[in-house]
Each structure stands twice: as C-alpha cells, then as structure tokens.
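Scroll down for the structure; my scribbles are underneath it.
The values are calculated or read from the model by the stated rules, or taken from the named source; none is laboratory data. As the structure is a computational prediction, the values presented were derived from the model and not from experiment. Here the Cβ positions follow ideal geometry from the backbone for every residue, glycine too, while neighbour counts run over all protein chains shown. What goes into the accessible areas is simple: the full protein's heavy atoms, side chains included, and nothing from ligands, DNA or RNA. Shrake-Rupley method; radii C 1.70, N 1.55, O 1.52, S 1.80 Å.
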Amino acid sequence: MAKLNIVLYEPEIPANTGNIGRTCVATGTRLHLIEPLGFRLNEKEIKRAGMDYWKDLDVTTYVNYEDFLSKNPGAKIYMASTKAPQVYTEASYEPDCYIMFGKESAGIPEEILLENQETTVRIPMIGDIRSLNLANSVSIVLYEALRQNQFDHMQLEGHLTKYDWK
C-alpha cells in the first residue's frame, strides 16, 4: 500500500499547514514538520484550515533538518522548488517516498537542494511569478505521486446522495 510522506521545512503560515494537513488526511499521507515553525500547532488558524480532520492527521515534528534525516534513514526525498532542474511530472515517485516543500518566504535552502539535485522538482509557471501557494503546490505534486501509484487505497468512485448514476 502506498504511504506517501509530505515534509514541510520550517512552514510559516498556519492556514497553509492546516490545509496541507487536511489534504494529508484525505489521501492517507503522513505529514512531517521541520522546526522552527512560524506558529504553534494549537493555534486556531491551523485548526480552522484543517477543520475537524486535524485530530486524524499522522503528523511528526522534528527539531531541525538533521533530526528529520536521522529519524528517517534511507528515505527517498524529492525536493519541490522553483529552482529545480526538472518538472515534477518527470520524477517517478515510490510508494513510500518523501516530498519536501520549503517555507513560504524562502523555500528550501540551496545547500539542501544542491545535495539533492537528482530528486529536486518544480511546478512549471510562466514569467516572473515567485511561487504558487504552498498548500496548492503540495496538492499538485502529491496528487501526481498518488496518480503514479494508481491512487492505491483511495476511493476512486463517487456516489450521488439522491440518485443513481446511469
């Protein structure tokens, strides 16, 4: 069963992290938060964005990037960055891989990106746009990874409440 992992490197905006947490619950994805965080996990903004799903979230926090690496030895980590040499659809996401996103104001530090050049990916954009919203970026790349893993363990068919599909 695919069990993907989203990693947020020093996230700053509680609403983004709340939305990402909700997406992780909806997809059976683990969330990893690398400190320092720009908020407290009990702030109302994070709970508002995550709604009542936050209690169901599989989330782990780490004191820094080195702590994350030491507690996840051998993890295959993809780095999402506007500075990446390849497009996110060119990567082949393993069922248990980690996809890391940087903080809203600065992204992932370049020294980390350089160490992971082979697995650093970007979402294409036009012009001089700095970046997409963090929660949107996570959704885009995560759903590509889920698609590549045939949406393993996910409900693929919806149902109407009053009618039957013909």
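Check whether at least one residue in the stretch 146-160 is among the aromatic types (Phe, Trp, Tyr), in a loop (DSSP other than H, G, I, E, B) and loosely packed, with under 15 Cβ neighbours inside 10 Å, and report yes or no. Yes, there is a match, as at least one residue in the stretch 146-160 is among the aromatic types (Phe, Trp, Tyr), in a loop (DSSP other than H, G, I, E, B) and loosely packed, with under 15 Cβ neighbours inside 10 Å.
Among the conditions (1) free of Cβ contacts under 8 Å to residues at least 12 places away in the same chain; (2) surrounded by 13 or more Cβ atoms within 10 Å (Cβ to Cβ), the only one that Tyr163 does not satisfy is (2). Out of all the residues in the stretch 30-53, is one or more touching a residue at least 40 places away in the same chain (Cβ under 8 Å), within 15 Å of the chain's Cα centre (by Cα) and under 29 Å from Phe151 (Cβ atoms)? Yes, the stretch 30-53 contains a residue that is touching a residue at least 40 places away in the same chain (Cβ under 8 Å), within 15 Å of the chain's Cα centre (by Cα) and under 29 Å from Phe151 (Cβ atoms).
Right, Ala49: surrounded by 18 or more Cβ atoms within 10 Å (Cβ to Cβ), part of a loop (DSSP other than H, G, I, E, B) and modelled with pLDDT under 95 or not? Step through it out loud before you land on a result.
On the way: surrounded by 18 or more Cβ atoms within 10 Å (Cβ to Cβ): yes; part of a loop (DSSP other than H, G, I, E, B): no; modelled with pLDDT under 95: yes.
No; evaluated as a whole, the condition is false for this residue.
State yes or no: is Gln117 closer than 13 Å to Ser81 by Cα and among the polar types (S, T, N, Q)? Here the answer is yes, as Gln117 does meet what is asked. Candidates are the residues of the stretch 57-73 that are in a helix (DSSP H, G or I) and of a type in the set (Asp, Glu); the one that is most open to solvent (accessible area, probe 1.4 Å) is Glu66. Whether a residue is farther than 22 Å from Arg147 by Cα, aliphatic (A, V, I, L, M) and touching a strand residue (DSSP E or B) at 6+ places or on another chain (Cβ under 7 Å) was assessed, and Ile108 passes this test. In the stretch 135-144 there is no residue that is open to solvent by 60 Å² or more (accessible area, probe 1.4 Å), assigned to a helix (DSSP H, G or I) and farther than 24 Å from Cys24 by Cα.
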